[in-house]
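The values are calculated or read from the model by the stated rules, or taken from the named source; none is laboratory data. All of these numbers come straight from a predicted model, not from anything done at the bench. Cβ placement follows ideal geometry from the backbone for every residue including glycine, while neighbour counts extend to all protein chains displayed.
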Amino acid sequence: MAKLGKRTRAAREAFAGKEDLTVEAAVALIKGAASAKFDETLEVALNLGVDPRHADQMVRGKVTLPNGTGKTVRVAVFARGDKADEATAAGADIVGAEDLMQEIQGGTINFDRCIATPDMMPIVGRLGKILGPRNLMPNPKVGTVTMDVAEAVKSAKGGEVQFKVEKAGVIHAGIGKVSFGEAELVENVRAFCDAVAKAKPAGAKGSYMQKISLSSTMGPGVSVEVSSAIVI
């Protein structure tokens with residue numbers, strides 16, 4: 001077995017025997033143990049009682065975190081004419097049509113969020129096998145297929161987080177930087193968990209929100225009381 005480093009051993013010792021904490025206690029523990037040389041991200045993982053193989057149990061949505069993510073989001077927009085100009089004015093990093101499609105087909109993906117006007121979807125649809133697995137495919141359900149490209153760009157850059165349940169029934173997201181204040185991180189955790197709770201699908205049976213865990217990028221995880229994370 002590989003020998004654990006001093007930082008890893010210290011973090012594990014700090015977390016030993018601690019579980020089902022309040023959000024406040026979990027955030028304080030994680031902030032105190034984070035010791036990487038970069039500003040780690042606070043990450044949340046939610047285990048849901050759903051089977052996303054069934055359409056009526058799919059969980060997908062978005063939430064604007066009250067204190068942002070601390071991450072610089074690069075946004076690409078598929079649009080033409082006035083809508084392309086609106087996207088550029090709103091701060092989009094990349095704007096295009098067929099030229100942008102060709103860049104992506106050539107393997108260049110220099111963005112974290114992709115937005116498209118409805119008339120561009122025949123072009124964007126050709127990129128499904130590339131953008132889909134990366135969770136970058138524009139979708140009207142989360143507001144990334146829209147005529148209001150300016151608002152979509154501003155939301156993406158202003159702390160909006162999209163979420164989608166994975167095959168195993170887990171949702172994972174980064175919801176802030178460890179350098180944020182404790183109160184700011186607590187607010188972000190509850191805002192995210194509330195959004196997932198509101199997105200409960202009609203086909204979900206039994207216990208929906210089964211487990212919530214928090215961790216930093218390089219640190220161990222700690223479980224959080226579900227009742228402490230959900231305020232709706």
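The table that follows gives values for the structure above.
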read-out: Residue satisfying condition, being modelled with pLDDT of 95 or more and acidic (Asp, Glu), within set Glu182, Glu160, Glu166; value: Glu182
read-out: Any pair with Cβ under 8 angstrom, 6 or more apart, that starts in the stretch 56-71 at a residue that is in a strand (DSSP E or B) and ends at one that is at pLDDT 95 or above and of a type in the set (D, E, K, R); value: Gly61/Lys198; Val63/Asp194
read-out: Matching residues in the stretch 72-85 - criterion: being part of a helix (DSSP H, G or I) and surrounded by 17 or more Cβ atoms within 10 Å (Cβ to Cβ); value: Lys83, Ala84
read-out: Filtered residues of the stretch 193-232 (kept if assigned to a helix (DSSP H, G or I) and either of a type in the set (S, T, N, Q) or buried (at least 20 other Cβ atoms within 10 Å of the Cβ) (or both)); value: Cys193, Val196, Ser227, Ser228, Ala229
read-out: Output for the stretch 120-135, where each listed residue is in contact (Cβ under 8 Å) with a residue 24 or more places away in the chain and assigned to a helix (DSSP H, G or I); value: Met120, Met121, Ile123, Val124, Arg126, Leu127, Ile130, Leu131, Arg134
read-out: Residues being closer than 18 Å to Ala197 by Cβ, loosely packed, with under 15 Cβ neighbours inside 10 Å and not charged (D, E, K, R) - total across the stretch 147-169; value: 0
read-out: Top-ranked residue of the stretch 136-177 - restricted to ones that are among the β-branched types (Val, Ile, Thr) and in a strand (DSSP E or B), ranked as farthest from the chain's Cα centre (by Cα); value: Val145
read-out: In the stretch 34-62, residue nearest to Leu185 (Cα to Cα) [restricted to those that are surrounded by 19 or more Cβ atoms within 10 Å (Cβ to Cβ) and touching a Pro at 6+ places or on another chain (Cβ under 8 Å)]; value: Val59
read-out: Residue satisfying condition, being of a type in the set (Ser, Thr, Tyr) and surrounded by fewer than 18 Cβ atoms within 10 Å (Cβ to Cβ), within set Thr88, Thr117; value: Thr88
read-out: Looking only at the stretch 178-190, and only at residues there that are part of a loop (DSSP other than H, G, I, E, B) and not polar (S, T, N, Q), the one that is surrounded by the fewest Cβ atoms within 10 Å (Cβ to Cβ); value: Gly181
read-out: Which numbered condition Lys18 misses (of (1) modelled with pLDDT under 95; (2) in a helix (DSSP H, G or I)); value: (2)
